[in-house]
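Down below is the structure, laid out as structure tokens.
The values are calculated or read from the model by the stated rules, or taken from the named source; none is laboratory data. Values in this document were obtained by computation on a predicted structure and should not be read as measured data. Quick reminder, even Gly has a Cβ in these numbers, built from the backbone with ideal geometry, and neighbours come from all protein chains shown. Ligands, DNA and RNA are excluded from the accessible area calculation, which covers all protein heavy atoms including side chains. Shrake-Rupley method; radii C 1.70, N 1.55, O 1.52, S 1.80 Å.
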Amino acid sequence: MAEAYIVAAARTAGGRKGGRLAGWHPADLAAKVLDALVERSGAAPDQVEDVIMGCVMQTGEQSTNIARNAVLASKLPESVPGTSIDRQCGSSQQALHFAAQAVMSGAMDVVIAAGVESMTRVPMGLSSTLPAKNGFGHYKSPNMESRYPNIQFSQFTGAEMMAEKYGLSKDELDEYAYHSHQRAIAATQAGHFKDEIIPLEITRADGSTDVHHIDEGIRFDVSLDGIKGVKLIAENGKLTAASASQICDGASGVMVVNERGLKSLGVKPLARVHHMTMMGGDPVIMLEAPLPATQRALQKSGMSIDDIDLYEVNEAFASVPTAWLKSTGADPSRLNVNGGAIALGHPLGGSGTKLMTTLLHALNARNKRYGLQTMCEGGGMANVTILERL
């Protein structure tokens, strides 16, 4: 079977809700990523055989196949198709898995895996709350209700359940959040994100323009006392908005090819997709699946956690990476070395290839070989990708 290689990776800097990217239509935002990947890889636009794009809230401006709409908003020719997928927060990581499977099978040679989410223009939950409010029903079916009676699936509940199950204190979670900002600040000030971020022109309310190239969610004046003082999400809980991922606008993507693709593009690969695992778990605690999925991935790949040089574990809530560290025995100094979603933002469907872009660049900056990425996902699922930098 052929190998799957990454030859280009890029992302936008994150924008806060109602912030610097609020003026960008998500199809145009994603189109900028597609154009950047073609430019960075040196590919001819018509060499791209498919665009697979993750997006969670596929309604409104993100409806009607956002992947195809992004192609039509980009410099790619009309001959390039696109398809949109939803594996909740892991949507664009799954897009990468599908792209890798396509080129490994030989069905295609050059595929873009990407993701986008404008959480400003298409608010979280809109695809389910809007129909429900207008009499068009709810996603929880009678059979689901009989299996999970009187349960309202909630990531917030799951995050608190994780903290309780793994014996995590509020202080521990607050300290993790503080360090996420510290790492993101250090990475930004050292220029570690420069090569992965696509600068975007933005227009302010007064009509003046600027270039957006720094993640807007980073609190450069962060203090541990400030984080500890944020109100709890749930009474008697342990998590706050400061120890949860930030609502974010953003897009990201990678170009994936096989050996024929490498030859046709005439480029050297940046990395090889070494292993891919997907796994489901308890949909009530919901966010725990990355823990057993990581163990499965390591077992199937014949590796140990110590063989992995860097880890990207999505910071949906601080309880997820801290529980992951306890479960795996991984080295904390290798985890989310440039900060994570608590500081940088979590643009839902755009986060999978965002984390992969950051992981690839971090491996390169540190001259390291193996990276592992995993994300918790709504419904109690997880993707795990192991990457080998070349």
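List of remarks:
- Against the numbered list (1) open to solvent by less than 10 Å² (accessible area, probe 1.4 Å); (2) touching a residue at least 60 places away in the same chain (Cβ under 8 Å), residue 324 comes up short only at (2).
- Members of region 68-88 that are among the basic types (Lys, Arg), surrounded by fewer than 23 Cβ atoms within 10 Å (Cβ to Cβ) and either within 22 Å of the chain's Cα centre (by Cα) or under 15 Å from residue 353 (Cβ atoms) (or both): 68
- Residues located in region 148-205, provided they are among the acidic types (Asp, Glu), under 30 Å from residue 327 (Cβ atoms) and under 19 Å from the mean Cα position of the chain (by Cα): 196
- Members of region 152-202 that are assigned to a loop (DSSP other than H, G, I, E, B), touching a residue at least 12 places away in the same chain (Cβ under 8 Å), open to solvent by less than 40 Å² (accessible area, probe 1.4 Å) and of a type in the set (Gly, Ala, Ser): 154
- Selection of first residues in region 239-252 that are within 16 Å of residue 19 (Cβ to Cβ) and of second residues that are among the acidic types (Asp, Glu), restricted to Cβ pairs under 8 Å at least 6 apart or on distinct chains, gives the following pairs, ordered by first then second residue: 245/315; 248/117; 249/117; 250/117; 251/117.
- Failed condition for residue 329, given (1) within 30 Å of residue 20 (Cα to Cα); (2) surrounded by fewer than 24 Cβ atoms within 10 Å (Cβ to Cβ); (3) small (Gly, Ala, Ser): (1)
- Of the residues making up region 272-308, those that are of a type in the set (D, E, K, R), over 25 Å from residue 104 (Cα atoms) and surrounded by fewer than 21 Cβ atoms within 10 Å (Cβ to Cβ) are 282, 306.
- Matching residues in region 4-25 - criterion: being among the aromatic types (Phe, Trp, Tyr) and farther than 21 Å from residue 59 by Cβ: 5
- Of the set (1) under 27 Å from residue 318 (Cβ atoms); (2) assigned to a helix (DSSP H, G or I); (3) open to solvent by 40 Å² or more (accessible area, probe 1.4 Å), all apply to residue 230 but (2).
- Identity of the residue in region 1-21, assigned to a loop (DSSP other than H, G, I, E, B), in contact with a Gly (Cβ under 7 Å, 6 or more places away or on another chain) and modelled with pLDDT of 95 or more, that ends up surrounded by the most Cβ atoms within 10 Å (Cβ to Cβ): 14
- Of everything listed in (1) in contact with a Cys (Cβ under 9 Å, 6 or more places away or on another chain); (2) surrounded by fewer than 19 Cβ atoms within 10 Å (Cβ to Cβ); (3) of a type in the set (Ser, Thr, Tyr), the single unmet condition for residue 91 is (2).
- Options 249, 225: the member that is in a helix (DSSP H, G or I) and either acidic (Asp, Glu) or surrounded by 17 or more Cβ atoms within 10 Å (Cβ to Cβ) (or both): 225
- Evaluating residue 129 against the criteria (1) closer than 27 Å to residue 95 by Cα; (2) of a type in the set (Val, Ile, Thr); (3) modelled with pLDDT of 95 or more leaves one unmet condition, (3).
- Scanning region 236-246 for residues that are in a loop (DSSP other than H, G, I, E, B) and under 15 Å from residue 164 (Cα atoms) returns 236, 237, 238, 239.
- Number of the exception - residue 304 against (1) closer than 19 Å to residue 343 by Cα; (2) without any contact (Cβ under 8 Å) to a residue 24 or more places away in the chain: (1)
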